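Below is one structure, written out as structure tokens; the observations come after it.
The values are calculated or read from the model by the stated rules, or taken from the named source; none is laboratory data. For clarity, every value in this text was computed on a predicted model and none was experimentally measured. Heads up, the Cβs are rebuilt from the backbone with ideal geometry, glycines too, and the neighbour counts pull from every protein chain shown.
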Amino acid sequence: MKEQLTTLGFTAGWRLVRALPRPAARALFTAAADRAWKKNGPGTQRLRRNYQQVVGADMPETLVRDGLRSYARYWMEAFRLPSKTREQNAAGFHMRPDCYDEMKSLIAEGNGLVLALPHVANWDAAAAWVVANGWQMITVQERLKPEAVFQKFMDYRESLGMRVLALTGGERPPLDVLTEHLQQGWVVPLLADRDLSRGGVEVEFFGGRSKMPPGPAILAIRSGAPMFAVDMWYSEDRVEARLRRITPPADGPLDERVKRTVQLMADAFEAGIGEHPQDWHMLQKIWI
């Protein structure tokens, strides 16, 4: 019954929120975020501790409220994305011009791109923007429970024009499939600020120890594809973004090169999150 209600809730969200005028939907989700902030449940408490690690113990409490509002905005926009045209998806996301020009040039030359993202702003809007530019994109998705919700997210993201692999349970290892597509010039974005396996690489992150997945680093080293960390944050009407180039070291054993590259990725995430902490949606424990 719990799984059925969860599935029903997501299905209703996708249908009903898309039918609301955007101002009404935005007000509804902002009010829900403010209620969560006042209730101060486990997720809100974890977000507060994470922000304190980022900005220090004297962090203003309004940062937690703004972080929950940003997270609610992500869900509101995610529910509404499938009803948008490619033109609307392109208009709702803005990549800094010099970064866009670099992406466009590399892809035109036949390069695949490895894009490592933290959980910031709206990563689904970023994916829709990539597709709206006519670039082929493939990514992976965590296997959620219940299975029906996992499948709805798979269908939702594929409806935006990307190809999506399940992180676990597929016929082939995702890294092998992603490497092949990189070699064919595809864009491969991966959420990488939280390790979902036992194979995470320990890094220093905002003065503490954390673990991050090695996947983006392995892909970049294995394929030779250019690698970037993606900064994203919200302005009033759209998602803003920029890229930070990551150059994997060329010397040393492979495992050391991977570790050093993951640390470079963590450093790039730290720089972006530090500029816009309110748009980092991390309600889980990530520091050791």
- Which of (1) buried (at least 17 other Cβ atoms within 10 Å of the Cβ); (2) more than 13 Å from Pro118 (Cβ to Cβ) is the odd one out, the single condition Gly252 does not satisfy? (1)
- Among Thr261, Thr247, the single one that is more than 19 Å from the chain's Cα centre (by Cα) and modelled with pLDDT of 95 or more is Thr247
- Message: Looking only at the stretch 157-176, filter to residues that are touching a helix residue (DSSP H, G or I) at 6+ places or on another chain (Cβ under 6 Å) and of a type outside the set (A, V, I, L, M, F, W, C); which one of those is modelled with the lowest pLDDT?
- Response: Ser159
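Give the residues of the stretch 208-247 that are among the basic types (Lys, Arg) and assigned to a strand (DSSP E or B), sorted by residue number.
Of the residues in the stretch 208-247, the ones among the basic types (Lys, Arg) are 209, 211, 222, 238, 242, 244-245.
Those that are among the basic types (Lys, Arg) and assigned to a strand (DSSP E or B): Arg209, Lys211, Arg242, Arg244, Arg245.
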- Just checking, which of Gly56, Gly41, Gly92, Gly67 is over 26 Å from Ile286 (Cβ atoms) and either surrounded by fewer than 18 Cβ atoms within 10 Å (Cβ to Cβ) or in contact (Cβ under 8 Å) with a residue 60 or more places away in the chain (or both)? Gly92
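Going by the structure shown, is Leu165 farther than 24 Å from Leu47 by Cβ, surrounded by 15 or more Cβ atoms within 10 Å (Cβ to Cβ) and touching a strand residue (DSSP E or B) at 6+ places or on another chain (Cβ under 7 Å)? Even if it seems obvious, please write down each step before you answer.
Working: farther than 24 Å from Leu47 by Cβ: yes; surrounded by 15 or more Cβ atoms within 10 Å (Cβ to Cβ): yes; touching a strand residue (DSSP E or B) at 6+ places or on another chain (Cβ under 7 Å): yes.
It is true that Leu165 is farther than 24 Å from Leu47 by Cβ, surrounded by 15 or more Cβ atoms within 10 Å (Cβ to Cβ) and touching a strand residue (DSSP E or B) at 6+ places or on another chain (Cβ under 7 Å).
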- Task: Could you tell me whether Arg46 is basic (Lys, Arg) and at pLDDT below 80?
- Result: no
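Restricting attention to the stretch 199-257, which residues are basic (Lys, Arg), within 23 Å of Thr168 (Cβ to Cβ) and in contact with a Pro (Cβ under 7 Å, 6 or more places away or on another chain)?
Taking the stretch 199-257 first, the residues basic (Lys, Arg) are 209, 211, 222, 238, 242, 244-245, 257.
So of that shortlist, the ones also within 23 Å of Thr168 (Cβ to Cβ) come out as 211, 222.
Across the stretch 199-257, there are no qualifying residues.
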- Item | Residue list for the stretch 116-137, filter: within 15 Å of Ala192 (Cα to Cα) and either touching a helix residue (DSSP H, G or I) at 6+ places or on another chain (Cβ under 6 Å) or part of a strand (DSSP E or B) (or both) | Ala116, Leu117, Pro118, Val120, Ala121, Asn122, Asp124
- Matching residues, the stretch 173-207, being over 17 Å from Glu256 (Cβ atoms), in contact (Cβ under 8 Å) with a residue 12 or more places away in the chain, more than 16 Å from the chain's Cα centre (by Cα) and in a loop (DSSP other than H, G, I, E, B): Gln184, Gly185, Trp186, Ser197, Phe206, Gly207
- Query: Has the stretch 117-139 got at least one residue that is more than 15 Å from the chain's Cα centre (by Cα), free of Cβ contacts under 8 Å to residues at least 60 places away in the same chain, loosely packed, with under 15 Cβ neighbours inside 10 Å and over 21 Å from Asp279 (Cβ atoms)?
  - Reply: yes
- Looking at (1) of a type in the set (Phe, Trp, Tyr); (2) assigned to a loop (DSSP other than H, G, I, E, B); (3) at pLDDT below 90, which is the one condition that is false for Phe150? (2)
